[in-house]
1. Go through GLN123, GLN149 for me and flag whichever is assigned to a helix (DSSP H, G or I), polar (S, T, N, Q) and modelled with pLDDT under 95.
2. Just to be sure, is PRO51 more than 24 Å from GLY318 (Cα to Cα), free of Cβ contacts under 8 Å to residues at least 40 places away in the same chain and either out of contact with any Phe, Trp or Tyr (no Cβ under 6 Å at 6 or more places or on another chain) or not in a loop (DSSP other than H, G, I, E, B) (or both)?
3. Test each condition in (1) in contact with a helix residue (DSSP H, G or I) (Cβ under 6 Å, 6 or more places away or on another chain); (2) of a type in the set (D, E, K, R); (3) buried (at least 19 other Cβ atoms within 10 Å of the Cβ) for ASP160 and report the one that comes out false.
4. Among the listed residues SER105, SER113, identify the single one that is among the small types (Gly, Ala, Ser) and either touching a residue at least 60 places away in the same chain (Cβ under 8 Å) or closer than 23 Å to LYS168 by Cα (or both).
5. What is the number of the single condition among (1) in contact with a Gly (Cβ under 6 Å, 6 or more places away or on another chain); (2) not in a helix (DSSP H, G or I) that GLY240 does not meet?
6. Which pairs do you get when a residue that is under 29 Å from MET368 (Cβ atoms), found in segment 323-339, comes within reach of a residue that is of a type in the set (S, T, N, Q) and part of a loop (DSSP other than H, G, I, E, B), reach meaning Cβ atoms under 9 angstrom, with the pair 6+ apart or on two chains?
7. Would you please name the residue that is nearest to the chain's Cα centre (by Cα), looking only at residues in segment 351-379 that are of a type outside the set (Phe, Trp, Tyr) and not in a helix (DSSP H, G or I)?
8. When segment 128-183 is examined, which residues are found to be under 12 Å from VAL108 (Cβ atoms) and among the charged types (D, E, K, R)?
Amino acid sequence: MTDSPVTGSPVTDSPEIDEEELALFRASVVKALETEVAPYYDAWEQDGQVPRSLWKTLGEAGMLCVDVAEDDGGLEAPMAYSVAVGEEIARMGFGALSTSVMVHSDIVAPYISHLCNDAQKQQWLPKMVSGEVVGAIAMTEPGAGSDLQAMRTRAVREGDEYVLNGSKTFITNGQHADMVIVAAKTDPAAGARGVSLFLVDTRLPGYSRGRNLDKIGQHSGDTSELFFTDMRVPASALIGEEGKGFVYLMQELARERLVIGALGVAAARGTLDLTLEYCQERELFGGKLAQLQNTRFEVARMETDCRVNKAFVDQCIGKYEAGDLDAPTASMAKYSATEMQCRVADGCLQLFGGYGYTTEYPVSRAFMDARVQRIYGGTSEVMKEIIARSLLGRA
């Protein structure tokens, strides 16, 4: 068995998914969300953050890091089960929570599972599965967004420690995080080859959180500034080899982008379902909104959009499971699905009319929450460039 050069996961035959078992798992996720999230989500959106206790609730419900190995505290389920958790959260309209769980379960946990040694796995993964530890990843800086090679955060080796200095921004889970994977320059003169990754325990001196950023959407998802001031982290916190951080980031970004695409499809599905119901009830010009030709054509377009993107994302999940998902294909999944999500959210809001522009109707939240999907994890413009390079080479 070998490792895929792109996904970092073992190259195997694509595992058979028991669709009946997966459907039962989805039903259990929905039940937990209806009980533990739905009654409180509006209040959390007003508060600007979900409560820290929710993470342990999700862990107890078996909704965190479900594809982590059994030896590391997980269920060792196929990746499709982890995606299903995020999809159901997104479909039910809890966009901020879907992003937070995705970062924890589908970005941070795979980095540790694929790249870390046994001691590092045992230190963090069981507690991430239970929700005792919340994970985050810190790549973006105030002056370096999608251009990761331009990062300025430094990690200088001093004996058995690294001294970390710098700042990060737009960090999902930043307020709650107990552990952050931090990308830092260990050799500033080496460009991309000078980047390393560290497992940073947020309890250590020198770590501080800035403000919880005020966003136009995903209000209950904490998105934070982080600061590292002469922060000493043990050398044992280094992930893999020094200077290989950029390579590791490129390996793991495929899953991140695929899951963002999956969340986009699920959110669009949920928004469209709400709209179809509204169109059947809304009276307009002496009849139902659903009877107007424009309405019928618009929902036909959006339904087709959802189904086509769902089929492609599901195909990509199978490729990932088989260790066969390359970076351009993952970029296509994110680009296509998130652009579609925004089109559907806009089209649905238009059908709601003036009511859609009020916060009383959930379609307005779907519209605002969707917009960031085309930005984080790599902007749509970056996705197009990655795809183009695979077809035409570098400009």
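The values are calculated or read from the model by the stated rules, or taken from the named source; none is laboratory data. Computed from a predicted model, the values in this text were never measured in an experiment. Neighbour counts run over all protein chains shown; Cβ positions are idealised from the backbone, glycine included.
1. GLN149
2. Details: more than 24 Å from GLY318 (Cα to Cα): yes; free of Cβ contacts under 8 Å to residues at least 40 places away in the same chain: yes; either out of contact with any Phe, Trp or Tyr (no Cβ under 6 Å at 6 or more places or on another chain) or not in a loop (DSSP other than H, G, I, E, B) (or both): yes.
Against the criterion (more than 24 Å from GLY318 (Cα to Cα), free of Cβ contacts under 8 Å to residues at least 40 places away in the same chain and either out of contact with any Phe, Trp or Tyr (no Cβ under 6 Å at 6 or more places or on another chain) or not in a loop (DSSP other than H, G, I, E, B) (or both)), PRO51 qualifies.
3. That leaves (3) as the condition not met.
4. SER105
5. For GLY240, the failing item is (1).
6. Hits for this filter: ALA330/THR7.
7. Filtering segment 351-379 down to residues of a type outside the set (Phe, Trp, Tyr) leaves 351, 353-354, 356, 358-360, 362-366, 368-375, 377-379.
Narrowing further to those that are not in a helix (DSSP H, G or I): 358-360, 375, 377-379.
Values: THR358: 27, THR359: 25, GLU360: 27, ILE375: 12, GLY377: 8, GLY378: 11, THR379: 14 Å.
Step by step, filter segment 351-379, then rank; the result is GLY377.
8. Passing the criteria: only ASP178.
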